[in-house]
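Pasting a structure below so you can have a look.
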Amino acid sequence: MKLLKYLSLVALLLATGFTYAQEEETEERKPGHTNVNRFKQLYEEFSTPNVYRSANGAPGPQYYQQQADYVMDIVLDDQQSKISGFETITYTNNSPDVLEYLWVQLDQNVRQKDSKSPLIEGSGARSATMASSFVGDHMGTAFDGGFKIQAVKSAKGTDLDYIINQTMMRVEMPQNLKPGGKFSFSVRWWYNIPEHTVDRARSGYETFEDGNKGYVIAQFFPRMAVYSDVEGWQNSQFWGRDEFALPFGDYEVNITVPSDHVLDGTGVLTNRKDVFSKEMMNRYNEAKKAYEKPVIIVTQEEAETASKGFNRSTKTWKLKAENVRDFGFATSRRYIWDMMSVKIGDKDVMAVSMYPPEGNPLWEDYSTIVVASTLKSYSRMSFDYPYHKAISVHAKNQGMEYPMICWNYGRPDKDGTYSDRTKYGMMSVIIHEVGHNYFPMIVNSDERQWTWMDEGLNTFVQYVAEQDFGEWYPDAVAPNKAYPSRRGPANKIVNYMAGDQDRMAPIMSKGLNTYNFGANAYSKPATGLNILRETIMGRELFDYAFRTYSQRWMFKHPTPEDFFRTMEDASAVDLDWFWRAWFYSTDYTDIGVKEVKTFYVTSKMSKEVKEMMEQRGMTESDLPPLVYLIDKDSEDFEESMRTSTLADVPTLQAYIMDNVPADERANLKNPKFFYEVTFEKPGGIPMPIIAEYTYSDGSTKRITYPAEIWRKNDASVGKVIASEMEITKIMVDPDEETADIDTSNNSWPKRKKLGEFNKFKENVKGQ
Ligand SMILES: [Zn+2]
């Protein structure tokens, strides 16, 4: 420790009133902190910008995407729980490539008897869930699921060759599909609908106690795979957990169901007059003008009456959707139906809920207002909701999203009572699944490859929307309390981040390959974005950049780099270090106060300084009332005073002479206390140091040192603090906003472990 360095510091402090960063280059480096350039730009990790994707994160001048349009006739057999369809797909090749074949996704095939999905999971026979899957796998009658493909034909009606590899079907065309070309073909299919409450499928039916079924139907038709500039064909198999990559297209879907069913799904209902009763039509027109609370279109009484019968006649519901990436619908004779209008920009959007009586009173009270509130929040954070409706369907244990429609859990007990946990669980899942309309239904990222791009971004906006809901509907949440969000705030990710590194994957992993799916793909990216918004970038810069990303990529297919690049391009904040640490590694945050040296002040001028002044022809009157520091704890204090050179000191004295006019010298501030604070960083993630200094009069001052403070030394960094008042406490990250996994080193003086001395006394007594 070179004592005289502090002398010079003091002089500078006196002159400028600033603190001075002191790099501890000699600090011993910890393993794992050596030669780590955490601030290196991500050129090696990112793909090179090109004509399809620009360096600013926007679609490039030759960006393209494929189009898949569908015309489908669907028939639901309620008695057999079977669904059949005839679909015509028109595929447009907007790519510059010649395509020799087409890939079609057959997701239902994970339910085939010979599905390979169960074979990639390890298993044991002990746990309860293992036991239930064991019963399913080895003791029950295997469910005969999966697509039964009856015909694949060209528009002219000739059979096309195809091959099915698990959940993917390759279709051969009569000739190659040239750039700009279109190819139409048809598929005839049927399958047995799974009971989703039994085999945890994302779609299927639920059997109510009265024997009626509620159908939530999705991934139900052969769907085109994505072909893009990044992946070529995205023909990665569906194993059951990871979600989807789908191109945009227009849909015309006619769905035939029992005539006593109601139905809603993706798209505009084009034959409302044929399928609505006069009463329903009147109520629907009323709902268009209802902005405060929903209007019931089908009442609970009507649903319960319909549930008592079984109608063999059928009705066809016709839906038409433009520019959507998928299609889903829900139908039952046991559904209650309500709707209300919500203004988004200058447009009215219909917020809709469908639920069996089993969902009440919870669903009637909250579902539709939660949908409306969600659309407002998400539109503020990204872009105005472009579709005409958003539907929340109640299905037991479900939380799953499709364009304009989603399934959500949250069921009261049989007597109609429910816990706060059920209520907020229901509200949160509705916010989340309705939010998926934005990510990935409209900002159409590849869910199968990058789960975090839809789940993480969506969970982040979900947190914002939950807090909005609490503010906008204070009566719906506990009065005067914030909405109890489960994911978003930094302190909620700490347990996960502190966990076993061997059972962790970076966020930048394929969803299927992560260990803790919820924490890795939902909470961690959402929390990262929240830290960027609240701590690193600030709301103004973050929100502008996040909206820019959302608007640049709405109705397009973004990649992670498009997101990372846009966030920097639109904010002028270099975030490569943050992406590297939070998204590309499994490091955690841990920053603390390692050591604080207190310097005592004396007015005694040292012999060396006197000599220096003589050399420069100065007298004491040329200087303000200088103070000199003595670090009482320094072992080499005496030695240092004798041997150190005075190289720095004259410069600083000269600085005062040159820069501060004589009449001002006497007024220079005269701090009484000096602290050399050494911050340590046992964690791998560089984060801003948020330091709160508490003074002897109880006042506090907070200084945030940007993360770049770690750029030259990854393990520790020093700061000299000058103060007129004594500092009694230093606290790092006092509001727990950086996900610091170990707060035991966050304060100075160290918090004493309570009770230890008492315990010692007890022990002594006992012996
Ligand atoms: Zn989700």
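The values are calculated or read from the model by the stated rules, or taken from the named source; none is laboratory data. Since the structure is predicted, the reported quantities are computational estimates derived from the model, not experimental observations. Ideal geometry is used to build each Cβ from the backbone, glycine not excepted, and the neighbour counts take in all protein chains shown. When the accessible area is computed, the model is the full protein with side chains, heavy atoms only, and any ligands, DNA or RNA have been set aside. Shrake-Rupley method; radii C 1.70, N 1.55, O 1.52, S 1.80 Å.
Just name the residue that is farthest from the chain's Cα centre (by Cα) out of those in segment 261-275 that are of a type outside the set (Gly, Ala, Ser) and crowded, with 20+ Cβ neighbours inside 10 Å.
First, pick out the residues of segment 261-275 that are of a type outside the set (Gly, Ala, Ser): 261-264, 266, 268-275.
Of the ones still in play, those that are also crowded, with 20+ Cβ neighbours inside 10 Å are 261-264, 266.
Values: HIS261: 37, VAL262: 35, LEU263: 32, ASP264: 29, THR266: 25 Å.
The selected residue is HIS261.
Confirm whether GLU172 is in a strand (DSSP E or B), within 18 Å of TYR91 (Cβ to Cβ) and not polar (S, T, N, Q). Lay out the reasoning, then the answer.
Working: in a strand (DSSP E or B): yes; within 18 Å of TYR91 (Cβ to Cβ): yes; not polar (S, T, N, Q): yes.
Yes: the conditions hold for GLU172.
OK, next. Of all the helices (runs of 4 or more DSSP H) wholly in segment 483-582, which have at least 1 residues that are closer than 23 Å to ALA55 by Cβ and aromatic (Phe, Trp, Tyr)? Steps first, answer last, please.
On the way: elements: 494-497, 524-531, 539-552, 560-569.
Result: 539-552, 560-569.
Would you check which residues across segment 476-494 are more than 19 Å from TRP452 (Cα to Cα) and open to solvent by 80 Å² or more (accessible area, probe 1.4 Å) and list them?
Once the filter is applied, which keeps residues that are more than 19 Å from TRP452 (Cα to Cα) and open to solvent by 80 Å² or more (accessible area, probe 1.4 Å), segment 476-494 yields PRO479, ASN480, LYS481.
Residue by residue through segment 680-720, note down the ones that are buried (at least 21 other Cβ atoms within 10 Å of the Cβ) and more than 23 Å from ASP574 (Cα to Cα).
Hit for segment 680-720 is VAL720, nothing else.
Let me ask another. How about segment 409-425: which of its residues are under 23 Å from the mean Cα position of the chain (by Cα) and more than 16 Å from the ligand (Cβ to nearest atom)?
Our first condition is that a residue be under 23 Å from the mean Cα position of the chain (by Cα); within segment 409-425, this holds for 409-410, 421-425.
ARG421, THR422, LYS423, TYR424 - these are the residues of segment 409-425 that are under 23 Å from the mean Cα position of the chain (by Cα) and more than 16 Å from the ligand (Cβ to nearest atom).
Here is a further query. In this structure, is ASP338 more than 18 Å from THR266 (Cα to Cα) and away from the ligand (no atom under 16 Å from the Cβ)? Write out each step before concluding.
Values: more than 18 Å from THR266 (Cα to Cα): no; away from the ligand (no atom under 16 Å from the Cβ): yes.
So ASP338 fails the test.
For residues that are away from the ligand (no atom under 14 Å from the Cβ) and farther than 17 Å from SER379 by Cα, tally how many sit in segment 426-453.
Result for segment 426-453: 4.
Still on this structure, I have one more. For the list (1) open to solvent by 30 Å² or more (accessible area, probe 1.4 Å); (2) among the acidic types (Asp, Glu); (3) out of contact with any strand residue (DSSP E or B) (no Cβ under 6 Å at 6 or more places or on another chain), I need the number of the one condition that GLU252 fails.
(3)
Moving on. Which ones in segment 167-192 are open to solvent by 50 Å² or more (accessible area, probe 1.4 Å) and of a type outside the set (Asp, Glu)?
Here is the first cut: in segment 167-192, the ones open to solvent by 50 Å² or more (accessible area, probe 1.4 Å) are 170, 172, 174-176, 178-180, 182, 188, 190.
Residues satisfying the conditions are ARG170, PRO174, GLN175, ASN176, LYS178, PRO179, GLY180, LYS182, ARG188, TRP190.
Within segment 452-462, can one find any residue that is open to solvent by less than 10 Å² (accessible area, probe 1.4 Å) and within 20 Å of ALA225 (Cβ to Cβ)? So that I can check it myself, show each step before the final result.
Filtering segment 452-462 down to residues open to solvent by less than 10 Å² (accessible area, probe 1.4 Å) leaves 452-461.
Imposing the further condition that a residue be within 20 Å of ALA225 (Cβ to Cβ) reduces the set to 453-454.
Scanning segment 452-462 turns up at least one residue that is open to solvent by less than 10 Å² (accessible area, probe 1.4 Å) and within 20 Å of ALA225 (Cβ to Cβ).
Let me ask something else. Just the residues that are under 26 Å from ALA521 (Cβ atoms), basic (Lys, Arg) and at pLDDT 95 or above, please, taken from segment 198-243.
Keep residues of segment 198-243 that are under 26 Å from ALA521 (Cβ atoms), which gives 198-204, 216-220, 223-243.
Then drop every residue that is not basic (Lys, Arg), which leaves 200, 202, 223, 241.
Result: ARG223, single match.
Related question: Being out of contact with any Phe, Trp or Tyr (no Cβ under 7 Å at 6 or more places or on another chain), in a strand (DSSP E or B) and surrounded by fewer than 19 Cβ atoms within 10 Å (Cβ to Cβ), is that true of even one residue in segment 276-294? Steps first, please.
First pass over segment 276-294, keeping only residues out of contact with any Phe, Trp or Tyr (no Cβ under 7 Å at 6 or more places or on another chain): 277-283, 285-294.
Add one more test, that the residue is in a strand (DSSP E or B), and what stays is none.
No, because not a single residue in segment 276-294 is out of contact with any Phe, Trp or Tyr (no Cβ under 7 Å at 6 or more places or on another chain), in a strand (DSSP E or B) and surrounded by fewer than 19 Cβ atoms within 10 Å (Cβ to Cβ).
Give, as residue ranges, the strands (runs of 3 or more DSSP E) completely inside segment 347-402 that count at least 3 residues that are of a type outside the set (Val, Ile, Thr) and either modelled with pLDDT under 95 or more than 16 Å from the ligand (Cβ to nearest atom) (or both). Give the derivation first.
Working: elements: 347-355, 389-394, 399-402.
It comes to 347-355.
What are the residue pairs meeting all of these: first residue in segment 305-317, first residue over 10 Å from THR256 (Cα atoms), second residue open to solvent by less than 60 Å² (accessible area, probe 1.4 Å) and not in a loop (DSSP other than H, G, I, E, B), Cβ atoms under 6 Å, and 6 or more apart or on different chains?
ASN311/PRO258
Can ILE83 be described as more than 30 Å from GLY211 (Cβ to Cβ), modelled with pLDDT of 95 or more, aliphatic (A, V, I, L, M) and open to solvent by less than 80 Å² (accessible area, probe 1.4 Å)? Talk me through it step by step, then tell me what you get.
On the way: more than 30 Å from GLY211 (Cβ to Cβ): no; modelled with pLDDT of 95 or more: yes; aliphatic (A, V, I, L, M): yes; open to solvent by less than 80 Å² (accessible area, probe 1.4 Å): yes.
No, not satisfied.
What do you reckon, is SER341 open to solvent by less than 10 Å² (accessible area, probe 1.4 Å) and either touching a helix residue (DSSP H, G or I) at 6+ places or on another chain (Cβ under 6 Å) or of a type in the set (Phe, Trp, Tyr) (or both)? Give the steps one after another, and end with the answer.
Working: open to solvent by less than 10 Å² (accessible area, probe 1.4 Å): yes; either touching a helix residue (DSSP H, G or I) at 6+ places or on another chain (Cβ under 6 Å) or of a type in the set (Phe, Trp, Tyr) (or both): no.
Taking the combined requirement at face value, the residue does not satisfy it.
Oh, and also: Being in contact (Cβ under 8 Å) with a residue 40 or more places away in the chain and under 42 Å from the mean Cα position of the chain (by Cα) is the filter here, so list the residues in segment 143-161 that pass it. If you could, list the steps in order and put the result at the bottom.
Keep residues of segment 143-161 that are in contact (Cβ under 8 Å) with a residue 40 or more places away in the chain, which gives 143-150, 155.
Of everything in segment 143-161, those that are in contact (Cβ under 8 Å) with a residue 40 or more places away in the chain and under 42 Å from the mean Cα position of the chain (by Cα) turn out to be PHE143, ASP144, GLY145, GLY146, PHE147, LYS148, ILE149, GLN150.
Scan GLY456, GLY470 and give me the residue that is within 11 Å of the ligand (Cβ to nearest atom) and assigned to a helix (DSSP H, G or I).
GLY456
So which residues in segment 330-360 are β-branched (Val, Ile, Thr) and either in contact (Cβ under 8 Å) with a residue 60 or more places away in the chain or under 23 Å from LYS315 (Cα atoms) (or both), if there are any at all? Before the answer, list the steps.
Keep residues of segment 330-360 that are β-branched (Val, Ile, Thr), which gives 331, 336, 342, 344, 349, 352.
THR331, ILE336, VAL352 - these are the residues of segment 330-360 that are β-branched (Val, Ile, Thr) and either in contact (Cβ under 8 Å) with a residue 60 or more places away in the chain or under 23 Å from LYS315 (Cα atoms) (or both).
Looking at segment 583-599, which of the residues that are of a type in the set (S, T, N, Q) and in a strand (DSSP E or B) is least open to solvent (accessible area, probe 1.4 Å)? Even if it seems obvious, please write down each step before you answer.
Going residue by residue through segment 583-599, those that are of a type in the set (S, T, N, Q) are 585-586, 589, 598.
Checking which are in a strand (DSSP E or B) leaves us with 589, 598.
Numbers: THR589: 0, THR598: 44 Å².
Only one residue fits best here, namely THR589.
Which ones in segment 506-538 are open to solvent by less than 10 Å² (accessible area, probe 1.4 Å) and either among the acidic types (Asp, Glu) or more than 16 Å from the ligand (Cβ to nearest atom) (or both)?
Taking segment 506-538 first, the residues open to solvent by less than 10 Å² (accessible area, probe 1.4 Å) are 507, 511, 520-521, 524-529, 531-532.
Residues satisfying the conditions are GLY528, ILE531, LEU532.
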